1. Taking the range B:51-66, which residues are over 20 Å from A:PHE104 (Cβ atoms) and exposed (fewer than 13 other Cβ atoms within 10 Å of the Cβ)?
2. Just give me the residues in the range A:12-28 being more than 18 Å from A:CYS53 (Cα to Cα) and surrounded by 14 or more Cβ atoms within 10 Å (Cβ to Cβ), in sequence order.
3. List every residue pair whose Cβ atoms sit under 6 Å apart, with the two residues 6 or more apart in sequence or on different chains, where the first one lies in the range A:36-49 and is farther than 21 Å from B:ALA123 by Cα and the second, anywhere, is in a helix (DSSP H, G or I).
4. Looking for whichever is of a type in the set (A, V, I, L, M, F, W, C), without any contact (Cβ under 8 Å) to a residue 40 or more places away in the chain and in contact with an Asp or Glu (Cβ under 7 Å, 6 or more places away or on another chain) here; the options are A:ILE97, A:ILE124, A:ILE113, A:ILE119. Which one fits?
5. Restricting to the range B:10-26, give me the number of residues that are touching a helix residue (DSSP H, G or I) at 6+ places or on another chain (Cβ under 9 Å) and either of a type in the set (Asp, Glu) or in contact (Cβ under 8 Å) with a residue 60 or more places away in the chain (or both).
6. If you go through the range A:80-98 one residue at a time, how many are touching a Ser or Thr at 6+ places or on another chain (Cβ under 7 Å) and within 13 Å of another protein chain (Cβ to nearest Cβ)?
2 protein chains.
Amino acid sequence: MKKTGLADIYRDYIRCLNSRDWPLLVRFVDHKVRHNGRRLGLTGYREMLEQDCEDIPDLEFRIDLLVSEPPMIASRLRFDVTPKAGFLGLAVNGRRISFAENVFYRFHEDKIIDVWSVIDKSAIERQL
Amino acid sequence: MKKTGLADIYRDYIRCLNSRDWPLLVRFVDHKVRHNGRRLGLTGYREMLEQDCEDIPDLEFRIDLLVSEPPMIASRLRFDVTPKAGFLGLAVNGRRISFAENVFYRFHEDKIIDVWSVIDKSAIERQL
């Protein structure tokens with residue numbers, strides 16, 4: 001896998017999330033995917049994403065930084081969103097918040113098999 | 001800058017931090033360095049690190065994941081440490097905690113000029 005290739009696949013994955021095209025997820029996510037060390041599998045991963053979109057109706061993933069070294073991708077995602085109720089244990093309750101997620105992905109045969117994500121909770125707390 | 005070269009420079013930077021060799025920092029950090037968008041400069045950056053080591057005497061940086069695409073480096077750092085008092089607004093007070101930091105660096109002429117860091121505060125909260 002060439003470097004540009006993997007970055008392009010990742011950008012397509014982000015487009016898939018932003019269009020809520022869940023049936024397409026199988027093209028980007030391995031059936032054995034783990035998230036922060038927890039084996040979710042494709043079904044659990046899709047459920048997590050669908051729940052996120054339910055909790056945050058205006059959820060949109062925007063790539064701020066992208067570092068590609070196959071089979072790894074690191075991405076800094078930027079969110080400007082309005083969670084309906086709580087988020088990460090914080091009472092956001094319909095307020096608009098802005099925060100980053102720094103996240104690493106390991107790909108296996110062009111599909112995401114491991115995700116290590118950290119969300120900037122301190123930044124959200126400063127806005128509440 | 002070749003990919004291996006930048007990753008090697010980064011590993012030397014981490015060794016510099018772990019050995020508290022502050023005079024050597026100038027070899028790795030640009031005089032105009034910014035941290036999460038805030039212009040610290042080399043002096044402010046060194047002061048931040050020295051303060052971290054004062055607050056967390058057993059602070060050691062360990063690289064879990066390293067993604068290199070010059071001029072960018074993304075690194076997942078792992079910490080098993082014992083902050084003396086508060087940390088990120090949490091009353092840690094001498095308890096041992098384990099957490100990750102997902103961090104991006106932009107290099108300029110082989111020196112760090114931009115840092116975008118997110119610490120896994122939720123993971124720490126779960127341990128308290």
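Just so it is clear, none of the values below were taken in a lab; they were calculated from the coordinates. Given the structure is predicted, the values throughout are model-derived calculations rather than measurements. Cβ sites come from the backbone with ideal geometry, for glycine too, and all protein chains shown count toward neighbours.
1. From the range B:51-66, those over 20 Å from A:PHE104 (Cβ atoms) are B:51-60; that's our starting set.
Once the filter is applied, which keeps residues that are over 20 Å from A:PHE104 (Cβ atoms) and exposed (fewer than 13 other Cβ atoms within 10 Å of the Cβ), the range B:51-66 yields B:GLN51, B:GLU54, B:PRO57, B:ASP58.
2. A:PHE28
3. A:ARG46/A:TRP22; A:ARG46/A:LEU25
4. On the way: A:ILE97 fails: in contact with an Asp or Glu (Cβ under 7 Å, 6 or more places away or on another chain); A:ILE124 fails: in contact with an Asp or Glu (Cβ under 7 Å, 6 or more places away or on another chain); A:ILE113 fails: without any contact (Cβ under 8 Å) to a residue 40 or more places away in the chain.
That would be A:ILE119, the only listed residue that is of a type in the set (A, V, I, L, M, F, W, C), without any contact (Cβ under 8 Å) to a residue 40 or more places away in the chain and in contact with an Asp or Glu (Cβ under 7 Å, 6 or more places away or on another chain).
5. 3
6. 1
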